[in-house]
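Here the structure is laid out as C-alpha coordinates; the discussion comes afterwards.
The values are calculated or read from the model by the stated rules, or taken from the named source; none is laboratory data. What you are looking at is a predicted structure, and each value in this text was computed from that prediction instead of being measured. Glycine gets a Cβ as well: all are built from the backbone with ideal geometry, and neighbour counts include every protein chain shown. Calculation scope for accessible area: heavy atoms of the full protein, side chains included, ligands and nucleic acids excluded. Shrake-Rupley method; radii C 1.70, N 1.55, O 1.52, S 1.80 Å.
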Amino acid sequence: MSDTTRGFIGRRRDQVRPLPPGQHLTDGFPVLSTGPTPRVAKDRWELIIRTGPETSVRWSWQEFMSLPISTVVTDIHCVTSWSKLETRWRGVSLDVLLEGLPITGQYVMAHSYGGYSTNHDLDDLRGDKAWIVFEYNGAPLTPEHGGPARLLVPHLYFWKSAKWIHELVTQERNTPGLWERNGYHLRGDPWREERYSRWS
Ligand SMILES: Nc1nc2c(c(=O)[nH]1)N[C@H]1C(S)=C(S)[C@@H](COP(=O)(O)O)O[C@H]1N2
Ligand SMILES: [Mo]
(Lines give C-alpha, C1' and ligand atoms only; values in the text may rest on other atoms or scores of the structure.)
(Ligands and ions follow the chains in the order given, each with its own letter.)
Protein backbone atom coordinates (compact mmCIF):
# COMPACT_ATOMS: atom_id res chain seq x y z
CA MET A 1 0.00 0.00 0.00
CA SER A 2 1.60 3.30 -1.05
CA ASP A 3 1.10 6.63 0.64
CA THR A 4 -0.29 8.15 -2.52
CA THR A 5 -3.42 6.03 -2.25
CA ARG A 6 -4.18 7.59 1.12
CA GLY A 7 -6.08 10.79 1.60
CA PHE A 8 -5.45 12.93 4.61
CA ILE A 9 -8.48 14.61 5.98
CA GLY A 10 -9.57 16.94 8.70
CA ARG A 11 -11.45 20.17 8.98
CA ARG A 12 -8.94 21.60 11.42
CA ARG A 13 -5.20 21.30 11.13
CA ASP A 14 -4.94 19.58 14.48
CA GLN A 15 -7.48 16.95 13.46
CA VAL A 16 -5.78 15.61 10.34
CA ARG A 17 -6.26 11.90 10.12
CA PRO A 18 -5.90 9.35 7.33
CA LEU A 19 -8.69 7.90 5.22
CA PRO A 20 -8.79 4.15 4.62
CA PRO A 21 -6.78 3.14 1.51
CA GLY A 22 -8.43 3.86 -1.84
CA GLN A 23 -11.11 6.15 -0.36
CA HIS A 24 -11.90 9.77 -1.18
CA LEU A 25 -14.14 12.29 0.55
CA THR A 26 -17.63 13.28 -0.46
CA ASP A 27 -19.62 16.17 0.94
CA GLY A 28 -22.93 14.84 -0.30
CA PHE A 29 -24.74 11.78 0.95
CA PRO A 30 -25.13 9.39 -2.01
CA VAL A 31 -28.06 6.97 -1.91
CA LEU A 32 -27.13 3.38 -2.75
CA SER A 33 -29.99 0.90 -2.87
CA THR A 34 -30.28 -2.30 -4.88
CA GLY A 35 -34.03 -2.02 -5.39
CA PRO A 36 -37.01 0.20 -4.71
CA THR A 37 -37.21 1.94 -1.35
CA PRO A 38 -39.59 0.07 0.95
CA ARG A 39 -42.05 2.32 2.76
CA VAL A 40 -42.50 0.95 6.25
CA ALA A 41 -44.94 2.80 8.46
CA LYS A 42 -43.81 3.11 12.06
CA ASP A 43 -47.00 1.52 13.38
CA ARG A 44 -46.27 -1.57 11.30
CA TRP A 45 -42.51 -1.54 11.90
CA GLU A 46 -41.07 -4.26 14.08
CA LEU A 47 -37.56 -5.21 15.08
CA ILE A 48 -36.96 -8.89 15.76
CA ILE A 49 -33.82 -10.49 17.17
CA ARG A 50 -33.61 -14.29 17.07
CA THR A 51 -30.74 -15.66 19.09
CA GLY A 52 -31.63 -19.33 19.04
CA PRO A 53 -34.23 -21.73 17.70
CA GLU A 54 -36.64 -20.78 20.45
CA THR A 55 -35.42 -17.39 21.53
CA SER A 56 -36.67 -14.25 19.93
CA VAL A 57 -37.34 -10.74 21.10
CA ARG A 58 -39.42 -8.16 19.29
CA TRP A 59 -39.87 -4.47 19.68
CA SER A 60 -42.61 -2.29 18.27
CA TRP A 61 -41.60 1.24 17.29
CA GLN A 62 -42.91 2.55 20.57
CA GLU A 63 -41.06 -0.06 22.61
CA PHE A 64 -37.90 0.54 20.62
CA MET A 65 -38.07 4.28 21.21
CA SER A 66 -38.27 3.76 24.96
CA LEU A 67 -34.82 2.10 25.04
CA PRO A 68 -31.69 4.07 25.99
CA ILE A 69 -30.59 6.18 23.01
CA SER A 70 -27.02 6.99 22.01
CA THR A 71 -25.66 9.78 19.83
CA VAL A 72 -22.99 8.54 17.44
CA VAL A 73 -20.66 10.77 15.44
CA THR A 74 -18.61 8.75 13.00
CA ASP A 75 -16.95 8.56 9.61
CA ILE A 76 -18.52 6.17 7.08
CA HIS A 77 -16.83 4.41 4.17
CA CYS A 78 -18.62 3.00 1.12
CA VAL A 79 -16.93 0.24 -0.85
CA THR A 80 -17.54 2.24 -4.05
CA SER A 81 -14.81 4.49 -2.55
CA TRP A 82 -16.56 7.49 -1.05
CA SER A 83 -16.12 8.34 2.59
CA LYS A 84 -18.05 10.85 4.61
CA LEU A 85 -16.76 12.50 7.77
CA GLU A 86 -18.39 12.97 11.13
CA THR A 87 -21.87 11.84 10.28
CA ARG A 88 -24.23 12.26 13.24
CA TRP A 89 -26.79 9.63 14.17
CA ARG A 90 -29.08 8.72 17.04
CA GLY A 91 -30.06 5.17 17.79
CA VAL A 92 -29.94 2.20 20.13
CA SER A 93 -26.71 0.29 20.71
CA LEU A 94 -26.68 -3.39 19.82
CA ASP A 95 -25.20 -3.90 23.29
CA VAL A 96 -28.52 -2.72 24.72
CA LEU A 97 -30.56 -4.91 22.38
CA LEU A 98 -28.49 -8.06 22.94
CA GLU A 99 -28.04 -7.64 26.69
CA GLY A 100 -29.10 -10.67 28.65
CA LEU A 101 -30.17 -12.73 25.65
CA PRO A 102 -29.04 -16.35 25.60
CA ILE A 103 -27.18 -16.55 22.29
CA THR A 104 -26.53 -19.55 20.06
CA GLY A 105 -24.00 -18.96 17.27
CA GLN A 106 -21.15 -16.50 16.72
CA TYR A 107 -22.59 -14.94 13.53
CA VAL A 108 -25.60 -12.84 12.64
CA MET A 109 -27.61 -12.37 9.47
CA ALA A 110 -29.24 -8.97 9.21
CA HIS A 111 -32.47 -8.99 7.18
CA SER A 112 -34.15 -5.87 5.87
CA TYR A 113 -37.64 -5.01 4.78
CA GLY A 114 -37.46 -5.39 1.01
CA GLY A 115 -35.20 -8.46 1.09
CA TYR A 116 -31.65 -7.16 1.56
CA SER A 117 -29.36 -9.16 3.83
CA THR A 118 -25.82 -8.90 5.15
CA ASN A 119 -23.82 -11.14 7.47
CA HIS A 120 -21.87 -10.12 10.58
CA ASP A 121 -19.66 -11.59 13.25
CA LEU A 122 -21.21 -10.90 16.67
CA ASP A 123 -17.88 -9.39 17.71
CA ASP A 124 -18.47 -6.64 15.13
CA LEU A 125 -21.88 -5.84 16.59
CA ARG A 126 -20.97 -5.79 20.29
CA GLY A 127 -18.68 -3.50 22.26
CA ASP A 128 -20.12 -0.09 21.36
CA LYS A 129 -19.50 -0.60 17.64
CA ALA A 130 -22.99 -1.02 16.15
CA TRP A 131 -26.36 0.67 16.50
CA ILE A 132 -29.83 0.64 15.07
CA VAL A 133 -30.29 4.28 14.16
CA PHE A 134 -33.44 6.25 13.39
CA GLU A 135 -32.10 9.79 13.15
CA TYR A 136 -29.51 11.38 10.88
CA ASN A 137 -28.22 14.93 11.34
CA GLY A 138 -30.99 15.84 13.76
CA ALA A 139 -33.87 14.68 11.58
CA PRO A 140 -35.76 11.38 11.26
CA LEU A 141 -33.93 9.02 8.92
CA THR A 142 -35.42 9.43 5.44
CA PRO A 143 -36.74 6.33 3.63
CA GLU A 144 -33.96 6.62 1.01
CA HIS A 145 -31.32 6.33 3.74
CA GLY A 146 -33.02 3.44 5.49
CA GLY A 147 -35.81 4.96 7.57
CA PRO A 148 -37.59 4.24 9.79
CA ALA A 149 -34.39 2.57 11.06
CA ARG A 150 -31.17 1.06 9.78
CA LEU A 151 -28.21 -0.82 11.09
CA LEU A 152 -25.08 1.32 11.52
CA VAL A 153 -21.75 -0.53 11.70
CA PRO A 154 -19.37 2.27 10.77
CA HIS A 155 -16.08 0.43 11.31
CA LEU A 156 -16.99 -1.79 8.32
CA TYR A 157 -17.79 -0.77 4.73
CA PHE A 158 -21.22 0.81 4.52
CA TRP A 159 -22.91 -2.07 2.66
CA LYS A 160 -22.77 -3.81 6.08
CA SER A 161 -25.12 -1.13 7.47
CA ALA A 162 -28.43 -2.64 6.35
CA LYS A 163 -31.12 -0.06 5.65
CA TRP A 164 -34.78 -0.77 6.64
CA ILE A 165 -33.59 -3.26 9.23
CA HIS A 166 -36.19 -5.79 10.29
CA GLU A 167 -34.56 -8.85 11.76
CA LEU A 168 -31.25 -10.06 13.20
CA VAL A 169 -30.80 -13.82 13.32
CA THR A 170 -27.82 -15.51 14.95
CA GLN A 171 -26.23 -18.43 13.13
CA GLU A 172 -23.50 -20.99 13.78
CA ARG A 173 -21.80 -20.38 10.45
CA ASN A 174 -20.86 -17.17 8.72
CA THR A 175 -23.29 -17.57 5.83
CA PRO A 176 -22.87 -14.75 3.28
CA GLY A 177 -25.57 -12.11 2.76
CA LEU A 178 -26.68 -10.63 -0.55
CA TRP A 179 -23.53 -8.73 -1.61
CA GLU A 180 -21.23 -11.23 0.06
CA ARG A 181 -22.72 -14.02 -2.08
CA ASN A 182 -21.93 -11.86 -5.08
CA GLY A 183 -18.24 -11.48 -4.30
CA TYR A 184 -18.02 -8.86 -1.58
CA HIS A 185 -15.84 -9.68 1.38
CA LEU A 186 -17.40 -11.58 4.30
CA ARG A 187 -16.23 -8.93 6.80
CA GLY A 188 -15.42 -5.72 4.93
CA ASP A 189 -12.87 -3.86 7.06
CA PRO A 190 -12.04 -0.66 5.13
CA TRP A 191 -8.65 -0.24 6.88
CA ARG A 192 -7.60 -3.64 5.51
CA GLU A 193 -9.32 -2.88 2.21
CA GLU A 194 -11.48 -6.00 2.45
CA ARG A 195 -13.61 -5.13 -0.58
CA TYR A 196 -13.90 -8.45 -2.36
CA SER A 197 -13.43 -12.10 -1.50
CA ARG A 198 -10.27 -13.67 -2.85
CA TRP A 199 -12.20 -16.35 -4.70
CA SER A 200 -14.49 -13.98 -6.53
N1 LIG B 1 -31.60 -2.73 2.71
C2 LIG B 1 -30.51 -2.24 2.10
N3 LIG B 1 -29.51 -1.81 2.84
C4 LIG B 1 -28.40 -1.31 2.25
C5 LIG B 1 -28.27 -1.27 0.85
C6 LIG B 1 -29.36 -1.74 0.08
O7 LIG B 1 -29.33 -1.75 -1.15
N8 LIG B 1 -30.48 -2.22 0.74
N9 LIG B 1 -27.12 -0.77 0.27
C10 LIG B 1 -25.91 -0.79 1.10
C11 LIG B 1 -24.84 -0.03 0.51
S12 LIG B 1 -23.95 -0.76 -0.73
C13 LIG B 1 -24.46 1.17 1.00
S14 LIG B 1 -23.08 1.99 0.46
C15 LIG B 1 -25.27 1.85 2.01
C16 LIG B 1 -25.76 3.15 1.44
O17 LIG B 1 -26.50 3.86 2.37
P18 LIG B 1 -27.09 5.26 1.94
O19 LIG B 1 -27.98 5.01 0.75
O20 LIG B 1 -27.79 5.77 3.13
O21 LIG B 1 -25.90 6.11 1.56
O22 LIG B 1 -26.40 1.11 2.43
C23 LIG B 1 -26.20 -0.28 2.50
N24 LIG B 1 -27.38 -0.86 3.05
MO1 LIG C 1 -21.95 0.57 -0.89
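Going by what's in this entry, would T142 be described as modelled with pLDDT of 95 or more and over 28 Å from D27 (Cα atoms)? The answer is no for T142. All conditions but one from (1) over 11 Å from H120 (Cα atoms); (2) away from ligand 1 (no atom under 14 Å from the Cβ); (3) crowded, with 20+ Cβ neighbours inside 10 Å apply to T170; the one that does not is (1).
Contact map, segment 77-99: residues that are free of Cβ contacts under 8 Å to residues at least 40 places away in the same chain and under 23 Å from R50 (Cα atoms) paired with residues that are of a type in the set (G, A, S) and open to solvent by 20 Å² or more (accessible area, probe 1.4 Å), Cβ distance under 6 Å, separation 6+ or inter-chain. Pairs shown: S93/S70. Looking only at segment 169-200, residues that are charged (D, E, K, R) and touching a helix residue (DSSP H, G or I) at 6+ places or on another chain (Cβ under 8 Å) come to 1 in all. Residue-level analysis places V153 among those that are within 11 Å of ligand 1 (Cβ to nearest atom) and at pLDDT 95 or above.
Can you find a residue in segment 173-182 that is in a strand (DSSP E or B) and either open to solvent by 30 Å² or more (accessible area, probe 1.4 Å) or at pLDDT 95 or above (or both)? Quick ask: steps written out before the conclusion?
Narrowing segment 173-182 to residues in a strand (DSSP E or B): none.
Taking every residue of segment 173-182 in turn, none turns out to be in a strand (DSSP E or B) and either open to solvent by 30 Å² or more (accessible area, probe 1.4 Å) or at pLDDT 95 or above (or both).
Evaluate segment 115-127: report whether one residue or more is in contact with a helix residue (DSSP H, G or I) (Cβ under 8 Å, 6 or more places away or on another chain), more than 15 Å from ligand 1 (Cβ to nearest atom) and more than 18 Å from E167 (Cβ to Cβ). The answer is yes; a qualifying residue exists.
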